[in-house]
Amino acid sequence: MLEKEEIKEKLEKGWIKAVMWFEVMTADRELAENTLKEHIKALQNLKNTYVLSEKFEETVEVKDPPRKVEKAFSKIVQVELLTKDIETLLFAVIYFAPSSVEIIEPKDLTIGIETIQAIMNSVADVLHKLAAGGAGGIVISTRK
């Protein structure tokens, strides 16, 4: 875990401090708890990322579970993290799929064309993987 002074130094060097919220819902209470813990453990192993804190809420039974599901359980965790740059933060968002993200610091961010290109290519890569996996794709029409 980073000390306050180390966090301050990294922020001064351009690192990004953010908060992410993750939620999981399953038909099994223990599975909800274990799955979310494993997911955050994987996030902790992401290169150029430090998880500063994690706050797991109590697992709760969902009042109106999805159709055809008798019982469902939900668990939420709030994760505060530090990433080296916007590309690393974007990677974390794309591959770890938080429900919500809030950037805490810096208040302003200037990014160069190389970073914008990397972001666009990351998004394009995800879209291609979804299409290749059968989740759809982009429809191209030759009609005018």
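Which of the lysines could be linked to Lys13 by a straight reach, that is with a Cα gap under 16 Å, when you skip same-chain ones fewer than 8 residues away? Reachable lysines: Lys4, Lys84, Lys107. What does the charge count around Gly14 come to, taking other residues whose C-beta lies under 9 Å from its C-beta (Lys +1, Arg +1, Asp -1, Glu -1)? So the environment of Gly14 carries a net charge of +1.
With contacts taken as Cα pairs under 8 Å and at least 6 residues apart, the chain reaches a relative contact order of 31 percent.
At 222 nm, what value in deg cm²/dmol follows for the chain if DSSP H runs of at least 4 each add -39500 (n - 2.57) and the sum is divided by all its residues, to the nearest 500? Helices in the chain give a 222 nm mean residue ellipticity of -12500 deg cm²/dmol. Distance from the Cα centroid of the stretch 103-127 to that of the stretch 11-63 is 22 Å (rounded to whole angstrom). Taking GluC sites (Glu not before Pro) in DSSP loop conformation with at most 15 other Cβ atoms inside 10 Å as exposed sites, the chain has its longest uninterrupted site-free stretch at 71-144. For the chain, the dipole from Cβ point charges (+1 on Lys and Arg, -1 on Asp and Glu) about the Cα centre works out to 660 debye, to the nearest 20. Among the trypsin sites (Lys or Arg not before Pro) in the stretch 50-132, those placed in a DSSP loop whose Cβ has at most 10 other Cβ atoms within 10 Å are Lys63, Arg67, Lys68, Lys107.
Listed by chain and number, the lysines whose C-alpha is less than 16 Å from the C-alpha of Lys41, apart from same-chain residues fewer than 8 away, are Lys55, Lys75.
Bear in mind that the values in this text are calculations on the coordinates, not laboratory data. Everything numeric in this text was worked out from a predicted model, so none of it was measured. All Cβ positions, glycine included, derive from the backbone under ideal geometry; neighbour counts span all protein chains shown.
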